[in-house]
Amino acid sequence: IRGCTGVGAASMKPARQAPTAKMFPIGAYVAFFLTYMGHATVHAGRKAFAACHSELESDWGFSSEFLGLLDTTFMISYGIGLLVNGVLAERLDAVYHMAAGTIVASLCLMALGLSALLQVSTTNYLWYITLTALWSLFQSTSMPCGVKIMSGWYVENRGTVFGLWATNGVIGNLMGLGISSALAFFAGSDALQLMLTIPAAMMTLVGLLQLGFLTEGPYSVKASGKNNEKPPTILQTLMFPGVAGYAACYACLKTVDTSLFFWIVFFLTEGLDFSPGSASLLAMAYDGSQIFGSLLTGTLSDRVGSRPLVFLVMLIAASICSTLIVSVSSWQLLLPVIFSIGLTTGGPCMLMHTAVAADVGKREGKAATAVVTGIVDGVGSLAASLGQIVVGVVSAQSGWASVFYMLSGLLGAAAVLSGYIWILENRRISKLASKEGPESVFKKTITDVEDDDSAPLLEQSA
């Protein structure tokens, strides 16, 4: 265009191009890092709390029943918080909302760890239940706000990007486990307080960095100039195509993932007579394989162009693998089976409340991304909290074989739901193609790019 001459050249304008992370590399990298570390430190605190259950029993005199009550309180409060914060994240500044939630959650965890220094009696159950509920409620800002901020920076290859970003939970779990193990070995009698206060301090630091350096992206509602766009309610969002199906599918997946997270070591030691060390190593194979599963599923879904189709294939494989675990007993055979379960469940589980939520939110309107994330993740967390009660009852009444057959059935149900969503997606694309043509289908189902939204920001950057 710059080489054109003549009368019409002055009126010619460059074609608009949608903003991408490549145009704003520093901001995109900062957003990825700070949202990633925000959710990773949240998970580090959760894992540290779970790892210090034995110390809470021996040092503070908590019973196993009371610890179970705290875990249930955490899961229910977290699930409700996700539903509420998904809506609030679209009505408030996502950066401030996420950072404030992280900092307040860290203060709750800090107070929990310093209860002995604050001279709170270990029989003051209301104190511990209230702090646990508030801790989980405020940390539930992290996921909806994080997905909203990330979707404002990254519009290309969302499967690959969110596949990498969604590993924050597993990395956070490994961080929390490493901190707890090191403190249990070196800190002696002070280990319990430090197991909770160190992750809390990490959360505070990340929250402050988010306040100072994190911004919403060039493809956010704020950048598009549509700040007056009214976000949908939870009921309205449930009516969007695919949202209810993904919420039900994620409920099945989250129940399986949480059950394996809490019970796999117990199953290996009590059910198969493995030593605690060997059981922990096999459990680490499950966590590690989820990282590869998330990256593989995200990349494949970008290449194939359909996330539910990839979910369908992987969940069928996961359902088969989960039935095999009860028929093998040697670690040489258990290792590949457990690795395969983590690989095939981890990808769909991590992407369903991140990349898929961003896809659906963008398709239905930019002010819906956090709401979709909150619904999918919230329903999954609430289902998982109830699922742990069922796992405990089934294992006691019918044995561990029945538990894994139940988990296999849940994975099968998730596969059926993914297949149903895939069919609906194909029907929607066919109807759209017949009405508006193939070019419109490409825009609305693959890129989700709207030139009008990118114009103000591009003019400013020019």
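The values are calculated or read from the model by the stated rules, or taken from the named source; none is laboratory data. Keep in mind the model is a prediction, meaning the values are calculated, not measured. Every residue, glycine among them, receives a Cβ derived from its backbone with ideal geometry; neighbour counts consider all protein chains shown. For the accessible areas, the whole protein counts, side chains as well, though only heavy atoms, and no ligand, DNA or RNA atoms are used. Shrake-Rupley method; radii C 1.70, N 1.55, O 1.52, S 1.80 Å.
Could we say that Gly392 is modelled with pLDDT under 85, among the small types (Gly, Ala, Ser), surrounded by fewer than 24 Cβ atoms within 10 Å (Cβ to Cβ) and touching a Phe, Trp or Tyr at 6+ places or on another chain (Cβ under 9 Å) here?
yes
Quickly run through the stretch 65-99 and pick out the residues that are open to solvent by 50 Å² or more (accessible area, probe 1.4 Å) and either assigned to a helix (DSSP H, G or I) or within 24 Å of Ile389 (Cβ to Cβ) (or both).
Once the filter is applied, which keeps residues that are open to solvent by 50 Å² or more (accessible area, probe 1.4 Å) and either assigned to a helix (DSSP H, G or I) or within 24 Å of Ile389 (Cβ to Cβ) (or both), the stretch 65-99 yields Glu65, Leu69, Ile76, Ile80, Val84, Leu88, Arg91, Tyr96.
Is it true that Phe62 is outside any loop (DSSP other than H, G, I, E, B), among the aromatic types (Phe, Trp, Tyr) and crowded, with 16+ Cβ neighbours inside 10 Å?
no
Hey, among Ser418, Ser402, which residue is of a type in the set (Gly, Ala, Ser), in contact with a Pro (Cβ under 7 Å, 6 or more places away or on another chain), open to solvent by less than 50 Å² (accessible area, probe 1.4 Å) and closer than 30 Å to Thr323 by Cα?
The unique qualifying residue is Ser418.
Within the stretch 31-57, take every residue that is over 18 Å from Ala133 (Cβ atoms) and charged (D, E, K, R) and give me the one that is most open to solvent (accessible area, probe 1.4 Å).
The residue in question is Glu57.
In contact (Cβ under 8 Å) with a residue 24 or more places away in the chain and touching a Leu at 6+ places or on another chain (Cβ under 7 Å): is that true of Ile76 in this structure?
yes
Yes or no: the stretch 169-188 includes at least one residue that is without any contact (Cβ under 8 Å) to a residue 12 or more places away in the chain and within 23 Å of the chain's Cα centre (by Cα).
Yes; the residues of the stretch 169-188 include at least one that is without any contact (Cβ under 8 Å) to a residue 12 or more places away in the chain and within 23 Å of the chain's Cα centre (by Cα).
Testing Val449 on (1) part of a helix (DSSP H, G or I); (2) at pLDDT below 85; (3) surrounded by fewer than 24 Cβ atoms within 10 Å (Cβ to Cβ), one condition comes back false. Which one is that?
Here Val449 meets the rest and fails (1).
Among the listed residues Arg303, Arg307, identify the single one that is without any contact (Cβ under 8 Å) to a residue 12 or more places away in the chain and either out of contact with any Lys or Arg (no Cβ under 8 Å at 6 or more places or on another chain) or of a type in the set (Gly, Ala, Ser) (or both).
Among Arg303, Arg307, only Arg303 is without any contact (Cβ under 8 Å) to a residue 12 or more places away in the chain and either out of contact with any Lys or Arg (no Cβ under 8 Å at 6 or more places or on another chain) or of a type in the set (Gly, Ala, Ser) (or both).
Identify, from the list Glu229, Glu216, the residue that is surrounded by fewer than 16 Cβ atoms within 10 Å (Cβ to Cβ) and at pLDDT below 90.
That would be Glu229, the only listed residue that is surrounded by fewer than 16 Cβ atoms within 10 Å (Cβ to Cβ) and at pLDDT below 90.
Out of Gly374, Gly409, which single residue is crowded, with 24+ Cβ neighbours inside 10 Å and either at pLDDT 90 or above or not small (Gly, Ala, Ser) (or both)?
Gly374
Taking the conditions exactly as written (acidic (Asp, Glu) and closer than 21 Å to Arg428 by Cβ), does Asp377 satisfy them or not?
Answer is no for this residue.
Check every one of the helices (runs of 4 or more DSSP H) wholly within the stretch 297-366 and list those with 2 or more residues that are surrounded by fewer than 24 Cβ atoms within 10 Å (Cβ to Cβ) and among the basic types (Lys, Arg).
355-364
For Val328, work out the one condition from (1) farther than 19 Å from Ala413 by Cβ; (2) in contact (Cβ under 8 Å) with a residue 40 or more places away in the chain it doesn't fulfil.
Single failed check for Val328: (2).
Residues Val356, Val326: which one is of a type in the set (A, V, I, L, M, F, W, C) and closer than 26 Å to Val155 by Cα?
Val356
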